[in-house]
1. I'd like to know if region B:54-77 contains one or more residues that are touching a helix residue (DSSP H, G or I) at 6+ places or on another chain (Cβ under 7 Å) and closer than 20 Å to residue B:184 by Cα.
2. Within region B:78-104, how many residues are in a loop (DSSP other than H, G, I, E, B) and more than 10 Å from every other protein chain (Cβ to nearest Cβ)?
3. With the structure loaded, tell me whether residue B:8 is within 24 Å of the chain's Cα centre (by Cα), part of a loop (DSSP other than H, G, I, E, B) and surrounded by fewer than 14 Cβ atoms within 10 Å (Cβ to Cβ) or whether it fails that test.
4. Determine whether residue A:164 is more than 12 Å from chain B (Cβ to nearest Cβ) and under 28 Å from residue A:289 (Cβ atoms).
5. Could you list, in sequence order, the residues of region B:198-213 that are over 10 Å from the mean Cα position of the chain (by Cα), surrounded by fewer than 19 Cβ atoms within 10 Å (Cβ to Cβ) and outside any strand (DSSP E or B)?
6. Closer than 24 Å to residue B:374 by Cβ, in contact with a strand residue (DSSP E or B) (Cβ under 9 Å, 6 or more places away or on another chain) and part of a helix (DSSP H, G or I) - does that describe any residue in region B:298-311?
7. Considering only helices (runs of 4 or more DSSP H) fully contained in region A:61-170, which possess at least 1 residues that are under 30 Å from the mean Cα position of the chain (by Cα)?
8. Quick one: would you say residue B:59 is under 17 Å from residue B:190 (Cβ atoms), assigned by TED's automatic domain parsing to the domain that holds residue B:182 and in contact with a strand residue (DSSP E or B) (Cβ under 6 Å, 6 or more places away or on another chain)?
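The values are calculated or read from the model by the stated rules, or taken from the named source; none is laboratory data. On a predicted model such as this, the values are computed, not experimentally measured, just so you know. Quick reminder, even Gly has a Cβ in these numbers, built from the backbone with ideal geometry, and neighbours come from all protein chains shown.
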């Protein structure tokens, strides 16, 4: 009897199905399109406004570097009368932006490299190995995020001076590393936890030491996370102004970083500041960061671990 | 190649959970040993302790007569195949295979020779330059296998390596595993929860439950002579039918009575199972394998001397060559802890049928010539030479050599 009933329904199915089959896609399409429609439009509008808010000032800065002082303080929406590179030349030569940019590239390269090396190693161990005090170390790192840099500025100055590292790039690099580690460790330890443990175990079975497992297996697998946090650190350290002001405060203009150089253009000449030169300098400061961002952005691919495990 | 010996090995996790409890096991040189059991029985933990990925809480593990308790995995000269393959995603297949050899500072020529051999054996030659992401599940699985083979280790450890493959691929990989073991003859420890894999692959099978060893034997012996209710219920698909029964001796000799039926027990059974005669007049748990039933029509007179059992088929599962007939018998289901534990794990479709009152659902596997339909009354014949008797208190098989503790 049971077999009979199933038999009849399955036989009847092909007859009954066609009519609902034509109706179903319509209903499904409407249902799936509606949320995308409403929220899609809203989010696109919001994103467009956001993009204008970001791109507008950057483009304006760039254009302002070709304007004269009068043009800059005139109507904000006019284009420059002529496009000459005078202001860029002045900024590069007279205001030593070239020198400062080199300094900054050196400092940021060293400090980012140091941050990534130390941060990823610390994060890996904290994420993967159980040992007494693991949590304590982790929270110590993370608590660094809650500590505003202004609060520590004066003691920091004295600590760095006592170490004899004041007015040196090494001092700035070390402070940058310390300053960037909390978020790096926080972010990367969460990231390492998402990676499959079995791959590390397979490496151990294959004969890897813990160190080799980390550098040859886990680091390549963590590439998307490492790149995201590298960009974050480069941006943060490149734009740092307060720390270099404090740490390079002596009579060491040749060691200044780019933010100090840009600020100096606007303050050095009193009321007769070289505004086009300053915007040229600003543009110079923006371009390398943009390049870094665009280059690395392409490297962030989700699914780098795909194929490792089922 | 080497033997692997576990001497009363314990694993106690933080919090006091005993995952493996006094495990004694000798895996002979070149043997294919399967560890099988329901999830959480400690089989994977045992394997990981052999591998060196888990600390050993007690006892000792020897690989090739060398105690390896405190050796890191890389110094144990063993290779492992993981359930989820665990390939290195940023390396090509070739680099994946060669990685372990490079770490051992093997000369380049030897590495490429071994990688080439393994690739040929596993049919991976055209994929050597690909990354794992560009491979199918079966290919990834073979790369994982190849990574173990190229090492030419003392032993292979495999942790449910086929469980992520689809059914068809699993069968063909099972066959290639068998041939691979024939060819290489490397000691292999294989963990699975699938008793079909256990039966088909293992030279010997070790059944674990809650960290305790239940029985180690050849697959056929496990099937024919299970040591207790748990092993009896766990091995075999569909699983063994159980019922509380009474052993009686009447005019026509001994018989076992349950649910209104009375099956004669041949004298040979008493001879095979010493101690069974002491249970006459007492309660036992009777076990009958589904394959020991046959439809009296399909049996066609081959079942001379078999006992007839009239039943009503509730559900039939046609498998092509055989039909599983599910029928109710008028006796409450056996609620022994061992049968419950074994049934929890099996893919028992019978549990989905609501049981009415005090009836238990039995399965008979009959020849497809029987053409039985659900709702039909049929007459089953039972091979009374293969009845299994268990002590209702201890759950141990009566008269089993390993059960007489």
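1. no
2. 1
3. No: the conditions fail for residue B:8.
4. no
5. B:203, B:210
6. Yes, region B:298-311 contains at least one residue that is closer than 24 Å to residue B:374 by Cβ, in contact with a strand residue (DSSP E or B) (Cβ under 9 Å, 6 or more places away or on another chain) and part of a helix (DSSP H, G or I).
7. Once the helices (runs of 4 or more DSSP H) in region A:61-170 are filtered for at least 1 residues that are under 30 Å from the mean Cα position of the chain (by Cα), what remains is A:86-93, A:97-128, A:134-143, A:153-162.
8. no
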